[in-house]
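Note sheet for the following structure.
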């Protein structure tokens, strides 16, 4: 099992917001869904656009390029053109640090 890696400070991921983080060579999306921090791949499975640059509504993130929508609780596609889900990562909060297992 891979080690936990530092992704960001909790203060940089306020409720209802998404941010991008780079962990090693992996682009990760961090979202604060009403106090629960989730981490997923940050590249849309349709055209690799950064999901973190899109809009968040509840638990649904919309890709800024072609409008694909993803449920950030599961990674599942809710609206195409994307057909494949986003990869989910384990999140552990250590004090003020958001730690992610890739």
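Readers should treat all values here as calculations from the given coordinates under stated rules, not as data from a laboratory. Here the structure is a predicted model, which means the values were calculated and not measured. Neighbour counts run over all protein chains shown; Cβ positions are idealised from the backbone, glycine included.
Worth a mention:
- Extension gain from residue 60 to residue 78, taking 0.36 nm per residue of separation minus the Cα-Cα distance: 5.7 nm
- Peptides 64-74, 15-25, ordered by how many other C-beta atoms sit within 10 Å of their residues on average, highest first, read 64-74, 15-25.
- Rel. contact order, % - alpha carbon contacts under 8 angstrom, at least six apart, the range 53-102: 19 percent
- Using C-alpha pairs below 8 Å separated by at least 6 residues, the relative contact order for the chain is 27 percent.
- Overall form of the chain per C-alpha gyration tensor (a/c, 1.5; a/b vs b/c): prolate
- Each DSSP beta bridge with both residues in the chain is either parallel or antiparallel, and the antiparallel ones are about 100%.
- When you count the other C-beta atoms within 10 angstrom of each residue and take the mean per peptide, 87-97, 49-59 line up highest first as 49-59, 87-97.
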